[in-house]
Each structure stands twice: as C-alpha cells, then as structure tokens.
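Q: Provided herewith is a single structure, encoded as structure tokens, for subsequent inquiry.
The values are calculated or read from the model by the stated rules, or taken from the named source; none is laboratory data. Quick caveat, the model's predicted, so the values are computed rather than measured. We place every Cβ from the backbone using ideal geometry, glycine too, and count neighbours over all the protein chains shown.
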Amino acid sequence: MVKDLVYLIPAGKYSKEELLSLLNNHPEIKFASLVGIDLAGNDTDEKIPIKLFIKDIDDFYSGGAVQTDGSSVVLTGIATLNNAKVDMLADPNVNWFVDYNYENIDEETGKPVGTLRIPAFLVHNGLKVDSRAILVDSLEYIKTELLALFKKNGKIAGLENIDGADVEDIIFTSATELEFWVKTPANKAEVEELSASQVMQEQYWQRTRGNVRTALEQALNLLAKYGLEPEMGHKEVGGIKAKIDETGHLSHVMEQLEIDWKFANAIQAADNELQARIAIKEAFRANGLEVTFKAKPIIGVAGNGEHTHVGMAAKLKSGKIVNLFSPADMKKYFLSAIGYGAIMGLLKNYEVVNPFVSSTNDSLNRLKPGFEAPVCIVTSLGHNPAVPSRNRTILAGLVRDINNPLATRFEVRAPNPYTNTYVALTAIYMSMFDGIKAAINAGKTVEELDAELSKDVGQPGFYLETDRAYRSEHDVFEDYTAEERDRLFGKPPATVWENMQSIQKYPEKVKALTAGNKFRPELIEAFIAGALVRWKTELLNRIIPENLDIVKESKPLHDADSASDLDLSNWAAINSLRVYLAKDSIAQKSVFTRIKEAIQAGDFDTASNLQIEMSEKMNELTALYTQYKKNMIHIC
C-alpha cells in the first residue's frame, strides 16, 4: 500500500468545494467513473478525465454530464436499439471509492493512478431503471408505510417497550459475506481429491500460507482502507493442500476462502460488496493467484455462497436505536410481531423472490442437497429463546444474541457472490413487509404468530398457506427424504426457466413486490427477460459445448489384450451415454441437438426438462468414466 492515498470519500462529508479541493490536492486521481448497476448486477466503468469531471461537476449531479448506450447493458425491453439513451446521475448519499491501478504509476506524483468511482442511477425516459434505484425507492416506500403503521397502532406485540408515536425513522441494515475459490492459474485438481478433503474437514479455518496468506492479509487491509471494517478472513471447507515448488513458493494452490465485513445500511451494504469483490480480486491477482466468485465453480465440491443478513431498526425521537425484530423479553420470545411478520412474508412469497436471488445456471447448480446450500423454503428460530442455536440447512435462519438485542437479524443463505444484491434485497425486504403488514393489521399476539409460523402442513393460518409447513428445527437434508421435503416445503426449481416461471405462476405474490409501484412491473419483466436471454445463450454457447468436450475426452483406454470384462462393460455403458448425449442418427437425435431445437422453436418447457436430463446424464458419464480409468493398468 502507498501512503497518503485517498481511498474513501464518506457520504455527506464533502461539500462540492471540499471535494474539488481534495481532488486538486491529490493529482494522482486522474479519472472519475459513474457506477450504474444494470438489472443483471453489472457495474459500468468508464474513464472520465478528472479535469472534465471538475469542469462539469454540477452536471454530474443533475444527470446531464454522462450518457451511456442502454441497449448495450442489461435493461432488456427498456433501453432498445431505437431508444437507447440512458443518463447517469451521481448518488451523493453513499460512500464514493477511489480505485487505484498499482501497475500504472503516475510520473509526476510517483503514486498509482486512481479512478474516483461514484455510485450512480441510470435514467431512461425520465425514470430510474437501474438496480440501485429499485432498492433505494422500495426501501423509502417501506419506511413511509411502516411509520404510518406505528402511528396508527401505537403499541405492537413484542415491542411494548416503545410507543409508535416516538418512532422517527426506519433503518434497514444488511451485510453480505464473500466465499470464493482461489487457485494458481490453469491449475486443476481432481474432484475426488477435493471432495475427500472436504468430507474429512481438512481445510476449514486452517492456517493460510505463502502467497495465499499474503493476498488475504492485503485484501483485509485494503477493505479497511475503503471503510468496510473487515471482521474476519479464513479458509472455508473446500480445497486441498498446496505444494512447494523448487523455488520454495507454493504452487498448485486450490482452496476456498471467506471474507466478512461489518454491516451497513442496505444500499451501502450492496455498494460495499461490489467494492469488496474488486479489491479481493486485485489483491490476489497481484500475488499471482486467480479468484472466482462463481456459485458452483466445481461440480461435486462445495460452492460459493454469499449469506445475506437483513435487519430492521427504528430510530426514536430520543435518538435511541431499537431493533424491530427483537422482542422486549429476549429470553421469553424469539421475535417481535414485526420479526415474525418479516420471516413469514419472506417464506410465503419466496417463490417470487427466488428469481431475483438465483437467476443463473451457476446459481442453481449450487443449490443442491448435501453442501449446506438451501433447497427448501423453510426457517429455523432455534430450540429455545433463552439458548440461541444455528441451523445451517434452512433457507433463512434467525441470528440472535440474548445479551445484544441489536444483533437480531435473519440470515438468507441462498444468495451467491454473483447474485444482484440490490434487486435481491429489494425482493427480500418487500416480501418481508408484506408479512409485517399482515401481522400488525391482524393484531396477533407473539404467541399466535409463533404458532402460525410453526404450524403443520394441512393446518390453515390467517396468512400462511394451508398446504405448507414453514419452520423446522431438524436437519433438513438428513431428517427428511426428498419426497418429504417437497411435500412439506415445496419443490424447488431445477432450472432458470422453472424459477422465472414463478413470476407468471404466482401473480398474487408478485403484488407483494410491486406494492407502492417502486419495483415496477416493467422492471420485473425486464429482469426476467434478461435472465432468460442469458439462460438460453449460456446453454447453447457454453454449457453444451463444454459438455461436448467432456464427451469427446471420454475416450477408450483399454486394449484387446489387457481389457477385463469390467472394462468392456464400463466402456459399453460410457459409449452408450456418449452417443445418447452427443451423436445424432437418422432414427434419433441427441440430447444436445434436441435442446438446441427446442430453444430455437421457443419450446422452453422442453428445453428446461432436457437440461435437467442432460445434467443427470453428464454426472453419470463423468462418474462412470472415473471408475473406468481407475481400473486401467498400463504395463511398460
């Protein structure tokens, strides 16, 4: 790190004059970049010479300084080829960051060249259409409505210690945590070796070494400079022991890490996560290491989650902060009425929240039983209010500390590092507010709300659906069969198409997201349309070609003299799978071809079903080929 660099411009700290003075005193900051977030979570990054930024600084705040081609980013159906102009509007209400290029040293100052990254909104035809704006506007709506509910009701069950008339503001708190795989470039490891290390728990919280340790420490230091207040960096469950090369350096690095930092208000938390990904990647790249935030970079081994913590607090006129999820008596009750309403709203409406959490093939590859990734719409509160516990097998769990009511929150375990956190938080908070409204307006006691959340399948409730259960303190993976899970908690989607269809299937639940018309229907439609374009494109141009390479690489290894009957049997089964997956004949087309034809014909139900079959057959092929290879004995 270089001394005397500016990494952070805190929200509200600098007036325009102070900002101009800062930039003039730090000539190493050569560029400015307005950072808009499209509906896929991609951030814009242009380079505007700082002199132009200073010259036109007033226009940056009015949206007149920078325009972009909206048809080139994911604003599907909104910014079109014949109406592509999108204005970029700086957001002065959050932190701004300076991103430094340590490989480009400014000759005049001897310091790395910096770019001032300014979070921004995207405006099309006079309306904000970006992910950041969706979150900002939706939270403002919830705050206004919740303040009105406090004013109307006065006392709320579980929050008898505060008077609704004393509530002055609502604070939405959130935090994310990043899991990621790190490896030396072009390095591969056998899935079996990685899986064995995971099962034997050889990696979790082990000591980091060599350039991995250096990169981790540098990343934590850099996050601190950006004001993220890192809390922990450690090894996760995945990985294998690295080797030492002839120079004494570690090689063949393949391990999974996690970095956590302090919570913030919801919009700042999402901005922080974006900056954290950039900082972490750069720190590891500078040490010759590759980082991937993909949800499931290696099939058969633990994927990367991004557990997202959500909370809600009230600021009283006295200045006191009160956690709205915490009951007045932490040892007697799990939650207040608002806390119960929040988790009930999330669970009841999760079918239409899920598309915004898991919108890619990669994200759904991670959500499989056996890797502590949630597959069921179910929560856990704990076994006893007086003794908090953690269930790592559910979708959204209660996190609490009876000695610290401010810490009460829900941990949503389904997101991954490439989830669009802005839109996901919008869907989570809007669905939670739907349940909060129902709980408050029904006037239910905390005990009645606990009974509602804990009801058995088939038991009717005032808000939750009759044919579902919503709470379990069991191990969801081990204590239920797959059939029981589907019956109790609903069958999870297996493909992006299945997930996106929930928006059409549950129109009443979509109304929970569009209440107040901040998360507007056209924005939801644009998000879904963009996700489906990426689903089809990736399936045709990445997944099928990658699978075809695997099929072609599965070649015969035996010869007539040394082959055993098992070798011949295995190869016959392998070749049958290869043909079924990839080779057309006059009588029958391959799975790969049928998927392509279904997509070209617009028959997405068939394409989705064939994708599921392809995945199952590919898993069968790779497992069988591994078994076949192990039986080969080569005699020199």
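Q: Which condition number in (1) in a helix (DSSP H, G or I); (2) touching a Pro at 6+ places or on another chain (Cβ under 7 Å) is the one that G158 fails?
A: Single failed check for G158: (1).
Q: Would you list the helices (runs of 4 or more DSSP H) that sit entirely within segment 1-112 and hold 1 or more residues that are at pLDDT 90 or above, surrounded by fewer than 20 Cβ atoms within 10 Å (Cβ to Cβ) and not small (G, A, S)? Can you show your working first?
A: Numbers: elements: 16-25, 50-55, 57-62.
Result: 16-25, 50-55.
Q: Can you list the helices (runs of 4 or more DSSP H) found entirely within segment 463-539 that contain at least 3 residues being crowded, with 18+ Cβ neighbours inside 10 Å, outside the structural domain of L122 (by TED's automatic domain parsing) and in contact with a Ser or Thr (Cβ under 9 Å, 6 or more places away or on another chain)? Before the answer, list the steps.
A: On the way: elements: 482-489, 496-500, 502-505, 507-514, 521-538.
The helices (runs of 4 or more DSSP H) meeting that bar are 496-500, 507-514, 521-538.
Q: Taking segment 540-586 only, how many residues are in a loop (DSSP other than H, G, I, E, B) and not charged (D, E, K, R)?
A: As a first pass, look at segment 540-586 and keep what is in a loop (DSSP other than H, G, I, E, B): 554-564, 583-586.
Filter again for not charged (D, E, K, R), leaving 554, 556-558, 560, 562-564, 585-586.
Residues meeting the conditions: 10.
Q: Of the conditions (1) within 23 Å of the chain's Cα centre (by Cα); (2) assigned to a loop (DSSP other than H, G, I, E, B); (3) at pLDDT 95 or above; (4) of a type outside the set (A, V, I, L, M), E273 fails just one. Which one is it?
A: It is condition (2) that E273 fails.
Q: Which condition from (1) touching a helix residue (DSSP H, G or I) at 6+ places or on another chain (Cβ under 7 Å); (2) not in a loop (DSSP other than H, G, I, E, B) is the one that L406 breaks?
A: Failed condition: (1).
Q: Looking at (1) in contact (Cβ under 8 Å) with a residue 24 or more places away in the chain; (2) surrounded by fewer than 20 Cβ atoms within 10 Å (Cβ to Cβ); (3) over 17 Å from N420 (Cα atoms), which is the one condition that is false for K294?
A: The single condition K294 does not satisfy is (3).
Q: Another one. Return yes or no: is E447 touching a residue at least 24 places away in the same chain (Cβ under 8 Å) and surrounded by fewer than 24 Cβ atoms within 10 Å (Cβ to Cβ)?
A: no
Q: Please verify whether segment 349-369 includes one or more residues that are of a type in the set (D, E, K, R), buried (at least 22 other Cβ atoms within 10 Å of the Cβ) and modelled with pLDDT of 90 or more.
A: no
Q: Also, I was wondering about something else. I want to confirm something. Restricting to segment 540-562 and keeping residues that are of a type in the set (G, A, S) and touching a residue at least 60 places away in the same chain (Cβ under 8 Å), which single residue is surrounded by the most Cβ atoms within 10 Å (Cβ to Cβ)? Steps first, please.
A: First pass over segment 540-562, keeping only residues of a type in the set (G, A, S): 554, 560, 562.
Pick out the ones that are also touching a residue at least 60 places away in the same chain (Cβ under 8 Å) and you get 554, 562.
On the way: S554: 21, S562: 12.
Selected residue: S554.
Q: Assess whether G303 counts as being over 30 Å from G164 (Cα atoms), of a type outside the set (V, I, T) and in contact with a Phe, Trp or Tyr (Cβ under 8 Å, 6 or more places away or on another chain).
A: Values: over 30 Å from G164 (Cα atoms): yes; of a type outside the set (V, I, T): yes; in contact with a Phe, Trp or Tyr (Cβ under 8 Å, 6 or more places away or on another chain): yes.
It is true that G303 is over 30 Å from G164 (Cα atoms), of a type outside the set (V, I, T) and in contact with a Phe, Trp or Tyr (Cβ under 8 Å, 6 or more places away or on another chain).
Q: Moving to a separate point now. (1) farther than 30 Å from A79 by Cα; (2) surrounded by fewer than 22 Cβ atoms within 10 Å (Cβ to Cβ); (3) among the charged types (D, E, K, R): which one isn't true of K183, the others all being true?
A: Evaluating K183 over (1) farther than 30 Å from A79 by Cα; (2) surrounded by fewer than 22 Cβ atoms within 10 Å (Cβ to Cβ); (3) among the charged types (D, E, K, R) leaves (2) as the failure.
Q: Give segment 595-612 a look and list any residue that's touching a Ser or Thr at 6+ places or on another chain (Cβ under 6 Å) and closer than 14 Å to N541 by Cα, or say none. Let's see the steps before the verdict.
A: Our first condition is that a residue be touching a Ser or Thr at 6+ places or on another chain (Cβ under 6 Å); within segment 595-612, this holds for 598, 608, 611.
Scanning segment 595-612 gives a single hit, Q611.
Q: Can you tell me which of L449, L398 is more than 30 Å from G300 (Cβ to Cβ) and assigned to a helix (DSSP H, G or I)? First the steps, then the outcome.
A: On the way: L398 fails: assigned to a helix (DSSP H, G or I).
On inspection, the qualifying residue turns out to be L449.
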